[in-house]
């Protein structure tokens, strides 16, 4: 059996943005990580809050507490 080195991709973490923020930078940091516009994530969060009976607020606060700042 041959020993082949395991290659791993560099691990990137989502961080809260210091510049692209409206409240805490959660959507701005996630958008930078995903490569999408932050306003799309903000719109999705509003829709999740309205149609998910407040689930968006819970997810946002959890990300605010758990994600490190840039």
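Quick look at the numbers
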| read-out | value |
| --- | --- |
| Gain in span if fully extended, residue 58 to residue 21, counting 0.36 nm per residue against the direct Cα distance | 11.5 nm |
| Listed values (1) 1.19; (2) 1.00; (3) 1.11, entry calculated as Rg/Rh (Cα atoms, Kirkwood Rh) | (1) |
| Relative contact order [Cα under 8 Å, 6+ residues apart], the chain, whole percent | 31 percent |
| Residue 69 versus residue 39: modelled label distance in nm, points set 7 Å from Cα along the beta carbon direction | 2.6 nm |
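Every number here is computed from the coordinates shown, using simple stated rules; none is lab data. Note that this is a predicted model, so its numbers are computed, not measured. Heads up, the Cβs are rebuilt from the backbone with ideal geometry, glycines too, and the neighbour counts pull from every protein chain shown.
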